[in-house]
Amino acid sequence: MNQPQTHASLHAPGTTVDIGALANALNAGDIRTCARLITRIERGEEEMVPLLQALYRRGGSARVIGITGPPGAGKSTLINQLVTHWRRKGLRVAVLAVDPSSPISGGAILGDRLRMAAHSGDRGVYIRSMASRGQLGGLSKAAGDALTVLDAMNWDVVLIETVGVGQNETDIMRHASVVLLLQTPMGGDDVQAAKAGIIEIGDIFVVNKSDHPDADRTVQQLQHVLSLSRCLHPDKAWAPPVVKTKALDGEGIADLADHIDRRFAYLADQPETAHNELRARAKHRVGEILRDLLDKRMRSDDGQWLETLIEPMIRRESDPYTLAANLLARMLA
Ligand SMILES: Nc1nc2c(ncn2[C@@H]2O[C@H](COP(=O)(O)OP(=O)(O)OP(=O)(O)O)[C@@H](O)[C@H]2O)c(=O)[nH]1
Ligand SMILES: [Mg+2]
């Protein structure tokens, strides 16, 4: 399908709303509409697709910044400070906190709400949590959909937080233009990001809790590991900086915000690099939507299309590897 449906109806319980009206409401900054749509995205409602198609085509202007790091590293506290920093400059900021470990319904993860309570009542700030609802694989796709909705609201900055311990958050971070990898001072010689196997996703490294006595040592270890693994970053010409912060009282936040601006300025100066990053994100996005569609198709009751194909496999005249490869080849033909 080349054209998105522009006037398909969305059936929320008891209501019918058209895409144009929803898009206009988002564009006008209607936070209730945004919150409702993200809840429906979280539920995986198919009816959202026509709207997402339309919104995606109009979007692309928000600066999406990803923040990840180990549990308790201070991500939410740091985000709170960054929001304060940007609000002082008059920027409008949205925060999407994605929690892969929690099945609790989105909208209010208590801790984040408390830490960011300073911004409640500020119409220039929107803070939203998303939880897994038991569908780990689909969470990154759902987060991407939520970002499409947020993008339609013309926020100057959209921050996406997720706890960084492995593959799932790595996927979620791929929606962001600039990724901050938070680390905390540790007694040992380990570098958390290296241990978690996610060092290559960091555009900027942040050692938070700089009030901790081991902070400087952690910075040095990180710089050392980064100098050894420089080639890991997809942009070979970029040396990820290491910034020290104390999110508790905002120390180092202005410096961090400068580094973020510098990365965006660098990308603006390097259209080829920026385009390569857009391509990588676009491919990833298609991939996760495709996997989601395929997964739903495989689980659906109308799986009749597979029934006849699997007969030779059941008779052991074929095998699941051949069958899957053939299906893929047919799909890509
Ligand atoms: N000493 C010190 N504590 C900090 C600093 N920044 C955050 N904390 C504390 O660290 C704890 C965790 O902070 P959060 O901001 O919730 O960390 P998080 O990374 O968002 O945590 P999760 O989302 O649960 O993974 C809180 O008790 C914060 O007050 C800091 O710079 N120094
Ligand atoms: Mg948090």
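Each reported figure results from applying straightforward, stated rules to the coordinates on display, with no laboratory input. A quick note: this is a predicted structure, and the numbers were derived from the prediction, not measured. Here the Cβ positions follow ideal geometry from the backbone for every residue, glycine too, while neighbour counts run over all protein chains shown.
In table form, for the structure just shown:
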{"quantity": "Loop-resident sites, segment 214-272, for trypsin sites (Lys or Arg not before Pro), counting at most 14 other Cβ within 10 Å (DSSP)", "calculated": "LYS236"}
{"quantity": "Descending semi-axes in Å of segment 282-332, equivalent ellipsoid built from Cα gyration tensor", "calculated": "24, 14, 7"}
{"quantity": "Loop-located GluC sites (Glu not before Pro) in segment 259-333, at most 12 other Cβ atoms within 10 Å (DSSP)", "calculated": "GLU317"}
{"quantity": "Order by protection proxy (mean Cβ within 10 Å, highest first), peptides 68-78, 144-154", "calculated": "144-154, 68-78"}
{"quantity": "Long-range HN-HN contacts of ILE160 with modeled amide H, under 5 Å", "calculated": "ILE65, GLY66, ILE67, LEU96"}
{"quantity": "Too-long pairs where the Cα-Cα distance tops 19 Å, listed order kept, from LYS75/LYS244; LYS89/LYS244; LYS89/LYS246; LYS75/LYS246; LYS209/LYS236; LYS75/LYS141", "calculated": "LYS89/LYS244; LYS89/LYS246; LYS209/LYS236; LYS75/LYS141"}
{"quantity": "Length added when fully stretched, ASN27-HIS284, from 0.36 nm per residue minus Cα-Cα", "calculated": "89.9 nm"}
{"quantity": "Of the trypsin sites (Lys or Arg not before Pro) in segment 277-333, those whose Cβ has at most 16 other Cβ within 10 Å and which sit in DSSP loop", "calculated": "ARG315, ARG316"}
